1. Of the numbered conditions (1) out of contact with any helix residue (DSSP H, G or I) (no Cβ under 6 Å at 6 or more places or on another chain); (2) closer than 22 Å to G58 by Cα; (3) not in a strand (DSSP E or B), Q309 fails exactly one; give the number of that condition.
2. Out of the residues in region 204-262 meeting the condition of being among the aromatic types (F, W, Y) and part of a loop (DSSP other than H, G, I, E, B), tell me which one is farthest from S22 (Cα to Cα).
3. From the list V267, V218, pick out the single residue that is among the β-branched types (V, I, T) and more than 22 Å from the chain's Cα centre (by Cα).
4. Which count do you get for residues in region 270-289 that are out of contact with any helix residue (DSSP H, G or I) (no Cβ under 6 Å at 6 or more places or on another chain) and outside any strand (DSSP E or B)?
5. Which of the residues that make up region 158-169 are in a strand (DSSP E or B) and either buried (at least 16 other Cβ atoms within 10 Å of the Cβ) or modelled with pLDDT under 95 (or both)?
6. What number of residues within region 47-95 are among the charged types (D, E, K, R), touching an Asp or Glu at 6+ places or on another chain (Cβ under 7 Å) and farther than 25 Å from S181 by Cβ?
7. Could you tell me which numbered condition M18 fails, if it satisfies all but one of (1) among the aliphatic types (A, V, I, L, M); (2) under 18 Å from the mean Cα position of the chain (by Cα); (3) modelled with pLDDT under 95?
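The values are calculated or read from the model by the stated rules, or taken from the named source; none is laboratory data. Everything numeric here is computed off the predicted structure, so don't read it as measured data. Because the Cβ atoms are built from the backbone with ideal geometry, glycine has one as well, and the counts that use them run over all protein chains shown.
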Amino acid sequence: MLKGKKWLFGFLLTSISMSAQSFDLLPLGVHGGGEENNLSAYLLGETGKKEYISLDAGTLRAGIDKAIENNVFQVSNEEVLRKYIKAYFISHGHLDHLSGMIINSPEDSAKHIYALPSTIEVLKNRYFTNDAWINFANEGDLPQLGKYTYQSISGNQEFSIENTNLKAKIFELSHVNPYKSSAILVSNPKQEAVLYLGDTGADRVEKSQHLQNLWAAVAPWIQQKKLKAILIEVSFDNSRDEKALFGHLTPKLLNEELLKLQQISKVKDLSGIKIIITHLKPGGKQIENIKNQLLQQNPLKLELIFPEQGKKISL
């Protein structure tokens with residue numbers, strides 16, 4: 001009888017745990033430049049469904065292969081690429097955020113690319129051209145192969161992500177002002193959300209209000225405890241001169257911005273929100289220094305996660 005009760009208790013705990021998980025996040029690449037087989041790309045989908053949007057696409061195939069090694073997928077990398085990835089969000093036009101999509105386009109399947117109008121113009125005029133590659137998209141140089149369909153999304157406009165139950169909004173960021181990057185807020189039918197930021201500088205350094213505007217937009221989700229995670233970059237350690245950040249964050253600047261987020265949200269803390277650190281730039285001991293500084297200087301007591309390529313994170 002006791003054995004049966006233990007089994008039932010364990011089953012209930014497992015059920016509660018599984019029901020609390022809403023999203024599967026799979027990092028295909030986690031670094032910012034320097035390692036072409038591990039550049040910014042994160043698959044996000046509802047828990048247990050093989051329906052993902054790729055948040056940036058710096059590295060695809062190498063990351064999928066790592067996930068297969070880790071038993072996240074039991075199918076070929078081609079099947080994940082063609083069938084599991086339903087759409088792309090490209091935060092801005094830098095190679096370390098989109099080169100995997102370009103290189104794999106001949107083997108990919110038809111899907112949408114969601115981005116700000118400025119990013120679509122970069123893809124159309126710089127990458128999917130006959131001089132640089134081949135035009136696999138539906139606009140630009142002739143011939144247009146039409147495999148990818150550009151979806152030019154204005155800031156704060158809600159849209160549905162094709163072939164998923166997910167919806168999203170895109171927000172402008174500053175990446176060496178006046179050049180733009182962007183963030184995306186992805187929500188599920190239960191009105192739970194994950195926020196992903198492409199490259200961004202701090203408002204104080206960039207002399208902009210883009211992050212303040214973003215924080216104001218996500219504040220209601222935090223107040224309602226519906227924001228599951230924030231994926232945000234920290235590219236350099238605190239020794240980097242702020243004049244040489246080129247539109248990126250340090251641990252110090254991350255803490256500054258997240259304190260602003262807490263204040264704008266009017267909550268006592270940011271507990272329950274996983275802060276996933278992206279875009280760490282390799283070089284010497286820089287990644288080690290970034291991690292140590294974030295962990296040792298954590299005034300908001302944030303739940304920090306350092307993603308690993310090919311290892312799933314449940315949100």
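1. Going through (1) out of contact with any helix residue (DSSP H, G or I) (no Cβ under 6 Å at 6 or more places or on another chain); (2) closer than 22 Å to G58 by Cα; (3) not in a strand (DSSP E or B) one by one, Q309 breaks only (1).
2. Step one: of region 204-262, the residues among the aromatic types (F, W, Y) are 215, 221, 236, 246.
Add one more test, that the residue is part of a loop (DSSP other than H, G, I, E, B), and what stays is 236, 246.
Numbers: F236: 31, F246: 35 Å.
Of everything passing the filter in region 204-262, F246 is farthest from S22 (Cα to Cα).
3. Values: V218 fails: more than 22 Å from the chain's Cα centre (by Cα).
Only one candidate passes the filter, namely V267.
4. To start, the set of residues in region 270-289 that are out of contact with any helix residue (DSSP H, G or I) (no Cβ under 6 Å at 6 or more places or on another chain) comprises 271-279, 281-289.
Retained after the next criterion (residues that are outside any strand (DSSP E or B)): 271-273, 279, 281-289.
The qualifying residues number 13.
5. Here is the first cut: in region 158-169, the residues in a strand (DSSP E or B) are 159-160, 167-169.
Correct list: K167, A168, K169.
6. So in region 47-95, the residues among the charged types (D, E, K, R) come out as 49-51, 56, 61, 65-66, 69, 78-79, 82-83, 86.
Next, only the ones that are touching an Asp or Glu at 6+ places or on another chain (Cβ under 7 Å) stay: 78, 82, 86.
Going one step further and asking which of them are farther than 25 Å from S181 by Cβ, we end up with 78, 82.
Of the residues in region 47-95, 2 are among the charged types (D, E, K, R), touching an Asp or Glu at 6+ places or on another chain (Cβ under 7 Å) and farther than 25 Å from S181 by Cβ.
7. The failed condition is (2).
Each row is one residue, and each column tells you yes or no for (1) buried (at least 20 other Cβ atoms within 10 Å of the Cβ); (2) in contact with a Phe, Trp or Tyr (Cβ under 8 Å, 6 or more places away or on another chain); (3) at pLDDT 95 or above; (4) under 16 Å from L295 (Cα atoms).
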| position | (1), (2), (3), (4) |
| --- | --- |
| D241 | no, no, yes, no |
| L245 | no, yes, yes, no |
| K252 | no, no, yes, yes |
| K260 | no, yes, yes, no |
| K266 | no, no, yes, no |
| I277 | yes, yes, yes, yes |
